[in-house]
Amino acid sequence: MFFNNDKKSQVVNIKRGESLWRNAWKKLKRNKVAMIGLIMVVIFIAVAVFAPLIAPYDPNEIDLFSVLKEPSLTHWLGTDYYGRDLFSRIVFGSRISLSVGIIVQVISLTIGTIMGSLAGYYGGKVDMFIMRIVDIVMSFPSLLFTIAIMVALGPSLYNVFIALGVVWWTRTARIVRSEFMRNRERDYVDAARALGNNDFKIMYKHILPNCMAPIIISFTMGIATSIMSEASLSFLGLGAQEPTPSWGSIINNGLQYLRVAPWYSLFPGLAIAYTVLGFNLLGDGLRDALDPKMKEF
Amino acid sequence: MTQYLIRRLLLIVPVLLGVMLLTFFLMYIVPGDPVLSMLGQHASDDNIARLREQLKLNRPWYVQLFSYLNRTIRGDLGKSYLTHLPVTEALSQKLPNTARLAVTAIVFSTIMGVSIGIISAVFQNTWIDHAAMTFALLFISTPIFWFGMVLIFFFSMTLGWFPISGMGDGSLKYLILPAFTLGSRSAAFLARYTRSVMLEVIREDYIRTARAKGVKEKLVVLKHALKNVLIPVSTVIGLNLASYLNGAVLTESIFAWPGFGRYVVEAIQKRDFQVIAGSVLVGAVIFVLFNLMVDMLYVALDPRIKYD
């Protein structure tokens, strides 16, 4: 149904009854690098979901007899300043990263889609107003802006969701807006209107499904960005607070023991790099599969 | 061009006003009493009341907003609650240090990014290309504060080649690790972007013409293609400026580099709201002005683009 509105010539390439998604999945499966990304992401999600089964210790269990122990068979990745098992903390930290990634993206996707669709569909003054807000938010270097919001709201994981959502919706809004502008003049929109659909139905039942490809790409890439941003905020002491095992704050805590216990900060950093890399590889692959016209960058 | 410039400058006014409003709003909703954090928990009621009056904190919000806008436009960003030093003065000392770090990082990331991108494109789909792009994606996925820490551990603590932190006497050895840290992520972005632009350019007709008339491949790449690659690439370098301001906060905090970013981080730790608000505002203004400059540069570099 996605191609009803387009020229016939474009339909030819795709087999009958094959949806855009199935076609994209086929392309994605052929892309080895993207599949590596997908596997990395699935492992990450599995670790987060089954954290209590994987972690050998309670991540917050303090053991003052084994402070700053180096990696060994009892403590695979060593222990921190309170004698807590770092492997268990990193495993549980994946839950923080996963929830940040998803919740922040859901927030920014919701606000961004609503704002972007209104701006793109109505144009004119509505567009002007919304885009000025976007301009203003985007005038701030993103980390500085989230820092300001976090300082104003106070450091906590919930406020990280809000701060990052407030900053990142603008990017989704821009993408959705340009997709809506491209689509609103198309014949299928005229047809939907002629059939008596109201604006709301046209926007969300007819145009939005045609904009899903760039939204999904931005969602995947956005998870990587959100995880990285949360890590940066926690590293600066503005994210989740002790004893929550956020990867960024573990790195921050370990920094002062860099000389005596380099593993303390080393492993959580590898965990961040692994996770962000996974989502980036998957995002690259999705872009190639869903939207070959989009520029690789 | 002049008209375009004027229009762009006029458009900046509402954006900057919005930036100021937003900064004011954020500071207005700060929980707790800034006066208490200035005077400490044991301050007498008398002193608290006096300071509140002095800071106009007991006026209605619109009076506060007006006085905030009024003094901000005149370049007064308030004073640090703790050191009582004007924010503008502190920033004018810190920003040159950040500029020095950022410029070095930009030069490094441009040279690295553009050359790796071009090599990757020329050797498209060979192992060189794959290796370069894998490394680029690795760098993009690595948190820069962690990367800086790893560099400190290996090159400063273990090998002892570089000082661990600070700016010291300002010599080059202090600059290398932080600049490398700050530039690495941008270099990786730039490599990916340059590669994709190069792959497009190399399929253009004029490249085919150059090859057809027997120009050596080296010349085709370095003379004919490079020029056209550099135009979009130069804008991306400019637009990356935000990532340098963001990155400076993290890099300077790791390397104890006495610049803008470290100033912000110290203010966060001490909950010095005036300093944070002032710095964030200045960061946004720098960013907006640089974006304008980048747009101008774009016009200057590419005669095909005309604004009217």
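The values are calculated or read from the model by the stated rules, or taken from the named source; none is laboratory data. Everything numeric here is computed off the predicted structure, so don't read it as measured data. With ideal geometry, Cβ positions are generated from the backbone for all residues, glycine too; neighbour counts draw on all protein chains shown. Quick note on the areas: whole protein, heavy atoms, side chains included, nothing else; ligands and nucleic acids left out. Shrake-Rupley method; radii C 1.70, N 1.55, O 1.52, S 1.80 Å.
A compact table of results
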| read-out | value |
| --- | --- |
| Part-to-part distance (alpha-carbon centres) for the range B:226-263 and the range A:112-153, which is given in Å | 23 |
| Selection of trypsin sites (Lys or Arg not before Pro), the range B:74-109, meeting DSSP coil and at most 10 other Cβ within 10 Å | B:ARG74 |
| Environment charge at A:ARG132 (Cβ cut-off 14 Å; Lys +1, Arg +1, Asp -1, Glu -1) | +1 |
| Under DSSP loop assignment and at most 16 Cβ neighbours within 10 Å, longest trypsin sites (Lys or Arg not before Pro)-free interval of chain A | A:17-185 |
| Ellipsoid equivalent to the range B:128-223 - semi-axes via the Cα gyration tensor, in Å | 39, 16, 11 |
| Occluded residues from the range A:107-148, i.e. those whose accessible area drops by 40 Å² or more once the chain is not alone (1.4 Å probe) | A:ARG132, A:ILE136, A:SER139, A:PHE140, A:PRO141, A:LEU143, A:LEU144, A:ILE147, A:ALA148 |
| ³J(HN,Hα) computed for each position of the range A:247-256 - Karplus, 6.51 cos²θ - 1.76 cosθ + 1.60, integer Hz, glycine/proline x | 4, x, 6, 5, 4, 4, 5, x, 4, 6 |
| Carbon/sulfur fraction of accessible area - the range A:149-223, other protein chains in place, 1.4 Å, % | 60 |
| Nitroxide proxy distance, nm - points 7 Å out along Cα→Cβ at B:ASN125 and B:LEU159 | 3.7 |
| Relative counts (whole %) of C-alpha pair distances in the range A:118-164, using bins that are 5 Å wide | 5, 21, 19, 15, 14, 14, 9, 2 |
| Chains A and B together, accessible area buried on both sides, 1.4 angstrom probe, square angstrom | 4300 |
| Accessible area per residue, Å², chain B with all protein chains present, probe 1.4 Å | 50 |
| Reduction of at least 40 Å² in accessible surface, 1.4 Å probe, comparing all protein chains with the chain by itself, residues of the range A:150-171 | A:VAL151, A:ALA152 |
| Cα-based radius of gyration of chain B once divided by 2.2 N^0.38 Å, which approximates compact folds | 1.24 |
| Euclidean distance of C-alpha centroids, the range A:21-70 and the range A:228-294, integer Å | 13 |
| Kirkwood-based shape ratio for the range B:117-180, expressed as Rg/Rh from alpha carbons | 1.14 |
| Peptide B:242-255 - average C-beta neighbours from other chains (10 Å radius) | 4 |
| Table column - 3J(HN,Hα) (Hz), the range B:271-279, Karplus curve with 6.51, -1.76, 1.60, x for Gly and Pro | 6, 8, 4, 4, 5, 5, 4, x, 5 |
| Projected-area average for the range A:202-297 over all orientations - Cα convex hull basis, square nanometres | 8.3 |
| Given charges at beta-carbon only (K, R positive; D, E negative), |dipole| of chain A in Debye | 1400 |
| Loop chymotrypsin sites (Phe, Trp or Tyr not before Pro), the range A:78-115, which have at most 15 other Cβ atoms in a 10 Å radius of their Cβ (DSSP) | A:TYR81 |
| Cα-based convex hull, chain A, per residue volume (Å³, whole number) | 153 |
| 1.4 Å probe, heavy atoms, protein only - residues of the range A:205-253 losing at least 40 Å² accessible area vs chain alone | A:MET228, A:PHE235, A:LEU236 |
| Per residue value of the accessible surface for the range A:38-290 (all protein chains in place, 1.4 Å probe), Å² | 39 |
| Directionally averaged projected area (convex hull, Cα atoms, the protein assembly as shown), nm² | 33.4 |
| Mean Cα-pair separation over length for chain A, i.e. relative contact order, pairs under 8 Å, 6 or more apart, % | 25 |
| Ratio Rg/Rh [Cα only; Rh per Kirkwood] for the range A:136-244 | 1.15 |
| Neighbour cut-off at most 11 other Cβ (10 Å), DSSP loop, trypsin sites (Lys or Arg not before Pro), the range B:195-272 | B:ARG203, B:LYS213, B:LYS216 |
| Around B:THR251: net Lys/Arg minus Asp/Glu count, Cβ-Cβ under 13 Å | +2 |
| Taking the range A:52-109 and dividing mean pair separation by its residue count, relative contact order in percent (alpha carbons under 8 Å, at least six apart) | 31 |
| For the range B:73-92 versus the range B:273-300, the gap between their alpha-carbon centres in whole angstrom | 18 |
